[in-house]
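First comes the structure, then the notes that go with it.
Just so it is clear, none of the values below were taken in a lab; they were calculated from the coordinates. Everything quoted here is computed from the prediction, not taken from an experiment. When we count neighbours, we look across all protein chains shown, and the Cβ atoms used for this are built from the backbone with ideal geometry, even at glycine.
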């Protein structure tokens with residue numbers, strides 16, 4: 001079985017400060033991991049993906065995530081938050097070797113204040 | 001432009017009145033899937049299809065039907081909608097090769113009264 005836990009339902013940061021959104025996964029097999037972003041009243045957009053290549057993954061808009069197998073984590077970070085980063089973020093896991101089943105976390109809402 | 005389209009975007013209906021939400025993709029993807037999004041629950045998979053005429057249940061298939069007669073289309077059918085199917089629905093597609101990233105449609109907000 002596979003599952004993903006997003007440790008914070010809501011994160012608030014000031015503009016210009018670092019962002020950390022936490023994600024832990026459980027998977028019996030080698031996982032593929034993704035972060036998606038959903039802006040208000042919009043669909044989901046892929047931010048970045050890990051598929052067993054480099055453990056530090058860079059995505060769009062300055063986001064990156066590090067796959068840590070020993071900690072079963074895939075936390076999303078950004079050095080400096082921007083107002084436009086305010087959105088909901090989803091961590092997603094699937095098994096490497098199958099496209100049939102994506103499991104989504106429950107989401108983290110990022111608020112960015114002035 | 002590569003995209004997944006859904007129609008309608010918004011729908012208000014009454015209990016028991018059959019409805020269909022259409023989904024179409026222009027990327028020649030083999031894999032398509034339907035999700036529902038509810039507050040605090042993230043996205044949950046309803047049905048998916050690995051290719052034409054191949055469909056399978058996701059986590060929450062009860063009350064839904066799908067069909068995959070053409071590669072580009074994957075309609076979601078609610079034969080007898082109930083209020084607990086009020087939700088935001090997303091269609092997605094991907095290739096079946098790695099890295100399985102899915103492309104999402106804009107969503108359909110369904111209200112069943």
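GNM remark for chain A: springs join alpha carbons under 10 Å apart, and the peak mean-square fluctuation among A:52, A:70, A:26 falls on A:70. Going from the residue with the fewest nearby Cβ atoms within 10 Å to the one with the most, A:23, A:91 rank A:23, A:91.
With the simple model of a label 7 Å out from the Cα in the direction of the Cβ, residue A:70 to residue A:10 spans 3.6 nm.
Can you tell me how segment A:1-110 classifies by the Cα gyration tensor, rounded, prolate or oblate, using a/c under 1.5 as the rounded cut? Taking the square roots of the gyration eigenvalues as a ≥ b ≥ c, segment A:1-110 is prolate. Bridges between two residues of chain A, per DSSP, are antiparallel at a rate of about 90%.
Separation of segment B:1-65 and segment A:54-97, taken as the distance between their Cα centroids, equals 26 angstrom. Classify chain B as rounded, prolate or oblate from the Cα gyration tensor: take a ≥ b ≥ c as the square roots of its eigenvalues, call it rounded if a/c is under 1.5, otherwise prolate when a/b beats b/c and oblate if not. The shape class here is prolate. Taking B:83, B:75, B:39 as the candidate residues, the one with maximal mean-square fluctuation in a Gaussian network model of chain B, Cα springs under 10 Å, is B:39. In the elastic network of chain A, a GNM with C-alpha springs shorter than 10 Å, the most mobile of A:65, A:86, A:54 is A:54.
Remark: spin-label model distance residue A:52-residue B:38 equals 3.5 nm, labels positioned 7 Å along the Cα→Cβ axis.
When each of B:109, B:9 is scored by the number of other beta-carbon atoms lying within 10 Å, the sequence from fewest to most is B:9, B:109. Per-residue Cβ neighbour counts within 10 Å put A:15, A:88, B:70 in the sequence B:70, A:15, A:88, beginning with the fewest.
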